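Trainee: Could you have a look at this structure, given as structure tokens, before my questions?
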Amino acid sequence: MGCGNVTEAKSAAYFGQGSGPVWMKNVRCNGTESTLKNCVLSGRFQQNCSHEKDAGVICEPKVRLQNGFNSCSGRVEVLHNGAWGTVCDDFWDLTDAAVVCREIGCGEAIEARKGAFFGNGSGPIWMNNVNCYGNEQTLKRCRSSGWDVQNCSHYKDAGVICQYSYTFINDSKSWIDALGYCRTHYQTLAHILNATAQKYITQMLQDKAITDGVWIGLERSMLFSCSPWLWTSGPYVDYAPWHQEFPKDPASMFCGKLLKEEQNGFGWMDACCHERLPFICQVSFSSWFNEISFLIACSLMFFEFFSVKESASV
């Protein structure tokens with residue numbers, strides 16, 4: 001799959017139940033096999049196993065952002081041959097940045113930064129002359145001039161500013177009140193679109209005293225007990241690391257929260273929307289930039305008005 005090293009092996013249909021045949025059971029790998037099919041197992045097409053026991057994995061991300069001013073900005077670094085290295089900014093543009101931002105679960109790209117805007121990195125410079133089409137799933141799938149660049153320096157390290165950033169609010173509110181707070185002060189409750197965003201938020205919560213969970217932007221219609229889960233702005237949930245005890249009560253619980261699991265992980269759980277919990281807000285830099293642009297425009301109009309008035313009075 002090309003997804004790097006594994007960080008967690010998940011069981012009990014952690015990512016939801018599949019459909020169709022259960023092909024493999026009692027899989028025993030030594031870790032050196034080139035494919036899962038080469039591992040030892042007790043046969044194919046298992047009749048004595050249900051989809052409640054579907055297996056899953058969480059792989060190590062192969063791209064990260066360093067030294068930014070939030071989780072969705074920073075110097076771009078890629079993992080290659082077990083070591084992190086930077087990307088040279090030759091031909092680095094917004095199309096390349098867009099691939100990085102989507103890969104790490106930070107929405108769309110706002111800016112592609114050059115000239116070590118987020119500081120000089122260290123170690124190898126892995127990629128140069130990156131040329132993405134924009135629809136690649138990962139930066140490594142983009143065209144480049146090869147690995148281990150020798151004709152570039154760290155003062156040309158590439159960076160990105162992406163659309164989303166997450167903020168933990170340690171104030172207990174109902175789900176709807178938490179949503180209102182986020183929309184007033186940030187953008188909305190957090191959308192967790194892939195494993196990279198889930199891992200970042202999990203790390204952000206590790207030192208927090210959380211017992212009953214944290215609200216995120218998961219919701220579903222109260223009209224039907226089988227209604228699908230959505231994010232607050234409307235898109236359906238695709239990536240979904242459900243809690244091992246999910247669902248708790250499909251008939252009466254229509255809001256979603258993060259709930260701690262074993263080994264300091266967090267799974268998604270359905271919850272009563274009136275429960276009072278801390279929450280995670282998400283901010284969009286595009287909306288932030290629009291607000292700043294508006295304030296700058298107002299300031300310019302203000303000074304222009306008084307300049308004209310002062311000139312007329314002279």
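Trainee: Please sort through the DSSP H helices of the chain and keep those with an alpha-carbon extent of at least 30 Å along the long axis and a Kyte-Doolittle average not below -0.5.
Mentor: Correct list, ordered by number: 285-313.
Trainee: Of all the stretches in the chain, which is the longest one without any exposed loop site, taking GluC sites (Glu not before Pro) in a DSSP loop (any state but H, G, I, E, B) with at most 14 other Cβ atoms within 10 Å?
Mentor: That gives 34-244 as the longest site-free run.
Trainee: State the antiparallel share, in %, of DSSP beta bridges confined to the chain, rounding to the nearest 5.
Mentor: 90
Trainee: Largest first and to the nearest Å, give the Cα extent of the stretch 63-162 along each principal axis.
Mentor: 31, 27, 25
Trainee: Hey, another quick one. With θ set to phi - 60°, apply the Karplus curve 6.51 cos²θ - 1.76 cosθ + 1.60 along the stretch 228-234 and write out the HN-Hα couplings as whole Hz, x wherever there is a Gly or Pro.
Mentor: Result, ordered by residue: x, 7, 10, 8, 4, 8, x Hz.
Trainee: How big is the chain on each of its three principal axes, counting only the C-alpha atoms and giving the largest first in Å?
Mentor: Principal axes ranked by extent give 93, 57, 33 Å for the Cα atoms.
Trainee: Please list, or write none, the aspartates and glutamates whose alpha carbon is within less than 18 Å of the alpha carbon of Lys248, excluding same-chain residues fewer than 8 places away.
Mentor: Once the sequence-local aspartates and glutamates are set aside, what remains near Lys248 is Glu52, Asp212, Glu219, Glu261, Glu262, Asp270, Glu275.
Trainee: If you don't mind, there's one more thing I want to ask. Which entries of Lys10/Lys173; Lys37/Lys199; Lys10/Lys199; Lys53/Lys140; Lys10/Lys260 show an alpha-carbon separation above 26 angstrom in the structure shown?
Mentor: Too far apart for the 26 Å limit: Lys10/Lys173; Lys37/Lys199; Lys53/Lys140.
Trainee: List the trypsin sites (Lys or Arg not before Pro) within the stretch 132-241 that fall in a DSSP loop (any state other than H, G, I, E or B) and whose Cβ has at most 12 other Cβ atoms within 10 Å.
Mentor: Lys208
Readers should treat all values here as calculations from the given coordinates under stated rules, not as data from a laboratory. Keep in mind that this is a model prediction, so the values were computed, not measured. Using ideal geometry, Cβ is built from the backbone for each residue, glycine included, and neighbour counts are taken over all protein chains shown.
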